[in-house]
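Here's the structure we're looking at; comments come further down.
Bear in mind these aren't lab numbers, they're just calculated from the coordinates by the rules spelled out. Keep in mind it's a predicted model, so treat the numbers as computed, not measured. Don't worry about glycine lacking a Cβ; one is built from the backbone with ideal geometry, like all the others, and counts go over all protein chains shown.
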Amino acid sequence: MVINMSIFNVIEKRRSIRSYLDENVNEDDLKKIVDTGKIAPIAGEFQITVVQNKDLIQKINDVALDTMKNSGNEFLESRAAIPGYQPLYGAPTLILLSAPEENIYGALTTSAAAENIILAATALEYGTCYAITPTLPFISPAGDEIAKELGLPEGFKVLIGVLIGKADESEEIAERAELDNINYVK
Ligand SMILES: Cc1cc2nc3c(=O)[nH]c(=O)nc-3n(C[C@H](O)[C@H](O)[C@H](O)COP(=O)(O)O)c2cc1C
């Protein structure tokens, strides 16, 4: 497959995908995609955990859903109440990005890596979603056991998740509102 998208096309093409086909990411593509996470701007250590174990993805999904339902947060509770809502949307690959708890730049570092991963996956024609919900299990009582199963380094906090898979093209994607949030100072 020859892909010839400029970086601008890739950035424009990226949208959050919330429905995936039951077909996994090709192994060579996955390695290429994940490796881009290592060459983003960094400030301190971080870990990229690639999860393709279906049972574990299901467990993270289910614990995230329970955590949302009992969060006391109006937005999370309203999302969780949508009939059939699954926070991980059936994505076959979940990438968790974590950094040492004490690194104040951990969230910034992992989001830079996540965006590289997302754009690389988009360039290879996969659907993605940058998502906070896969981090929710790690603030729940089940979090320590899941962290062990994932082999997360000791003392690392999961800061963001990226879902990747073949997009279910039948899903409708809402138009993005035009933002007016740039000012130039010359
Ligand atoms: C910090 C952050 C957390 C997000 N978490 C979620 C999430 O948990 N689930 C989800 O479906 N989308 C999540 N999103 C994606 C946004 O909803 C999405 O980017 C926004 O609605 C714009 O739509 P687009 O990505 O299709 O352009 C998150 C975005 C950001 C920046």
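In which sequence would VAL162, VAL34 go, from the one with the fewest C-beta neighbours within 10 Å to the one with the most?
VAL34, VAL162
Under 26 Å Cα-Cα from LYS31, which lysines qualify once same-chain neighbours fewer than 8 residues away are excluded?
Here the lysines satisfying the reach criterion relative to LYS31 are LYS13, LYS54, LYS59, LYS148, LYS157, LYS166.
Do any GluC sites (Glu not before Pro) in segment 1-73 lie in a DSSP loop with no more than 11 other beta carbon atoms within 10 Å, and if so, which?
On the way: sites: GLU12, GLU23, GLU27, GLU45; in loops: GLU23, GLU45.
Those satisfying the criteria are GLU23.
Using the crude model of +1 on Lys and Arg Cβ and -1 on Asp and Glu Cβ, and no other charge, please compute the dipole size for segment 7-143 relative to its Cα centre, in debye to 20.
The calculation lands at about 240 debye.
Can you pull out the GluC sites (Glu not before Pro) in segment 88-180 whose DSSP state is coil and whose Cβ has at most 13 other Cβ atoms within 10 Å?
Passing sites in segment 88-180 are GLU101, GLU102, GLU125, GLU154, GLU169, GLU171, GLU172, GLU175, GLU178.
When the Kirkwood radius is taken over all Cα pairs of segment 82-166, what Stokes-Einstein diffusion coefficient follows at 10 °C and 1.306 mPa s, in µm²/s?
Answer, rounded: 117 µm²/s.
Can you list residues whose amide H is under 5 Å from LEU159's amide H, if they're 5+ apart or on another chain and H is modeled 1.01 Å from N?
Excluding prolines and chain starts, which carry no amide H, the hits are LEU97, SER98, ALA99.
Work out from phi, with θ = phi - 60° and the Karplus expression 6.51 cos²θ - 1.76 cosθ + 1.60, the ³J(HN,Hα) of each residue of segment 28-36, listed in order in whole Hz, and give x for Gly and Pro.
Ordered by residue, 3J(HN,Hα) equals 5, 4, 4, 5, 4, 5, 5, 4, 5 Hz.
Run the numbers on the chain and let me know its relative contact order in percent, using alpha-carbon pairs under 8 Å that are six or more apart. If you can, show how the numbers build up before the last one.
On the way: 302 pairs, mean separation 63.0, N = 186.
34 percent.
Counting only DSSP beta bridges with both residues in segment 15-165, what percent are antiparallel, rounded to the nearest 5?
Bridges in segment 15-165 are about 95 percent antiparallel.
Per residue of segment 111-127, what does 6.51 cos²θ - 1.76 cosθ + 1.60 with θ = phi - 60° give for ³J(HN,Hα)? Whole Hz please, x for Gly and Pro, Karplus curve as stated.
6, 5, 5, 4, 5, 4, 4, 4, 5, 5, 5, 5, 4, 8, 6, 9, x
Using the Cα centre of the chain as origin and beta-carbon charges of +1 (Lys, Arg) and -1 (Asp, Glu), tell me which of ILE182, GLY127, GLY165 is placed farthest towards the positive end of the dipole.
Farthest along the dipole direction, towards plus: ILE182.
Test of understanding: ordering ASP29, ASP55, ASP144, ASP62 by Cβ neighbours within 10 Å, fewest first, what list do you get?
In order of increasing Cβ crowding within 10 Å: ASP55, ASP144, ASP62, ASP29.
Output ³J(HN,Hα) for segment 6-11: one whole-Hz value per residue in order, computed from phi by the Karplus curve 6.51 cos²θ - 1.76 cosθ + 1.60 with θ = phi - 60°, and x for Gly and Pro.
Coupling constants for segment 6-11: 6, 4, 5, 5, 5, 4 Hz.
I'd like the chymotrypsin sites (Phe, Trp or Tyr not before Pro) in segment 59-105 restricted to DSSP loop residues with at most 15 other Cβ atoms within 10 Å, sorted by number.
TYR85, TYR105
How many nm is it between the label spots at GLN52 and ILE182, if each spot is 7 Å from the Cα in line with the beta carbon?
In this crude spin-label approximation the distance works out to 3.8 nm.
State, to one decimal in nm², a quarter of the convex hull surface area for the C-alpha atoms of the chain, i.e. the direction-averaged projected area.
Dividing the Cα hull surface by four gives the mean projection, 13.0 nm².
Order these by the 10 Å Cβ neighbour count, fewest first: MET68, MET5. Write out the running numbers ahead of the final one.
Numbers: MET68 20, MET5 14.
Listing MET68, MET5 from fewest to most nearby Cβ atoms yields MET5, MET68.
Return, for the Cα atoms of segment 79-125, the radius of gyration and Dmax in Å, separated by a comma.
Calculated on Cα positions, Rg and Dmax stand at 14.2, 38 Å.
In square nanometres and to one decimal, what's the mean projected area of the convex hull around the Cα atoms of segment 140-186?
8.2
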